[in-house]
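Report on one structure; see the data block that follows.
The values are calculated or read from the model by the stated rules, or taken from the named source; none is laboratory data. Remember, predicted model here, so these are calculated numbers, not experimental data. Neighbour counts run over all protein chains shown; Cβ positions are idealised from the backbone, glycine included.
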Amino acid sequence: MVEAKRTAQARRLVITIDGPAGVGKSTVSKCLAGRLHYGYLDTGALYRAIAWKVQQAQLEPSDLAGIELLLSRTSLQLIPEEDGFSIQVDGQPVMQGELRTPVISQLASSIAVLPIVRDWLLPIQQEAGKAGGVVAEGRDMGTRVFPGADCKFFLEADVNVRAKRRQQELAEKGQSVQLNAVRDEMVERDTRDRNRAIDPLRPAPQAIMIETSQESVDDVVGKMMGIIADHL
């Protein structure tokens, strides 16, 4: 395992982790990146940042012309940090708390289906992984953003388990949301993500599937480390 870690560092792999909301992608990705001493790229945060910008501009997801004009006047930078990347929009940092509200989550899912948004963000994401040494989390990391990634994973979990996890996550942030409401929002988002015409949520052909419903974070990361070792 130690040897796998050293070799992964030397080769600076690109590792992708895809899957729907609530499967543990963020926690697992951060932990795996920490084990490998890689950067953690939360690409979902980029869509949330654009959603935040759209909300600030008081635009609707259906206003394609307005969003296209907004993007043409927007700059978004990923700033490398010790354990990942921070996001700056128009030269100003965007706080994670501003990006993690239910309203922004819903809006981000709605604008994520728009080709103009996905195409605009694509080169920004690819540039972040250009040098390797990154664990990229999202919904199309292994299919579109990094199709040549060294190792690809796709996480799944029962929707009821996922909803409970997300409710607990929101509760820890001081947001009280009914479990049924969280579950309904997840089902709606899953349907939208899996059925969108552009870059739908699906495993890459080479992706390793991992069911996380009954697995601890350490168990999932341990499996990943073993698979990464086998791919070196």
Is there a residue being surrounded by fewer than 16 Cβ atoms within 10 Å (Cβ to Cβ), on the phi < 0 side of the Ramachandran plot and among the hydrophobic types (A, V, I, L, M, F, W, C) anywhere in segment 41-59?
yes
Please state which of the following conditions residue 20 fails to meet, knowing it meets all the rest: (1) part of a loop (DSSP other than H, G, I, E, B); (2) under 16 Å from the mean Cα position of the chain (by Cα); (3) farther than 21 Å from residue 144 by Cβ.
(3)
Which pairs do you get when a residue that is at negative phi, found in segment 72-100, comes within reach of a residue that is assigned to a loop (DSSP other than H, G, I, E, B) and basic (Lys, Arg), reach meaning Cβ atoms under 7 angstrom, with the pair 6+ apart or on two chains?
100/173
Can residue 22 be described as in contact (Cβ under 8 Å) with a residue 60 or more places away in the chain, in contact with a helix residue (DSSP H, G or I) (Cβ under 7 Å, 6 or more places away or on another chain) and over 27 Å from residue 130 (Cβ atoms)?
yes
Listed residues 174, 148, 132; which is under 21 Å from residue 201 (Cβ atoms) and assigned to a loop (DSSP other than H, G, I, E, B)?
148
Taking the residues in segment 105-135 that are among the aliphatic types (A, V, I, L, M), modelled with pLDDT under 90 and within 15 Å of the chain's Cα centre (by Cα) as candidates, determine which candidate is surrounded by the fewest Cβ atoms within 10 Å (Cβ to Cβ).
113
Filter segment 160-187 down to residues that are touching a residue at least 60 places away in the same chain (Cβ under 8 Å) and surrounded by fewer than 18 Cβ atoms within 10 Å (Cβ to Cβ) and give me whichever is nearest to residue 108 (Cα to Cα).
170
Residue 48 passes all but one of (1) closer than 22 Å to residue 119 by Cβ; (2) over 16 Å from the mean Cα position of the chain (by Cα); which number fails?
(2)
So which pairs qualify, if the first residue must be in segment 143-155 and within 18 Å of residue 12 (Cβ to Cβ), the second must be part of a strand (DSSP E or B) and among the polar types (S, T, N, Q), the Cβ gap must be under 6 Å, and the two must be at least 6 apart or on different chains?
146/16; 149/16; 152/16
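Here is a list: 43, 27, 16. Which entry is modelled with pLDDT of 95 or more and out of contact with any Ser or Thr (no Cβ under 6 Å at 6 or more places or on another chain)?
Result: 16 is the single residue among 43, 27, 16 that is modelled with pLDDT of 95 or more and out of contact with any Ser or Thr (no Cβ under 6 Å at 6 or more places or on another chain).
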Checking residue 199 against (1) at positive phi; (2) surrounded by fewer than 17 Cβ atoms within 10 Å (Cβ to Cβ), which test does it fail?
(2)
Single unsatisfied condition, residue 72 versus (1) at pLDDT 90 or above; (2) surrounded by 12 or more Cβ atoms within 10 Å (Cβ to Cβ)
(2)
Segment 51-90: number of residues that are in a loop (DSSP other than H, G, I, E, B) and within 27 Å of residue 14 (Cα to Cα):
3
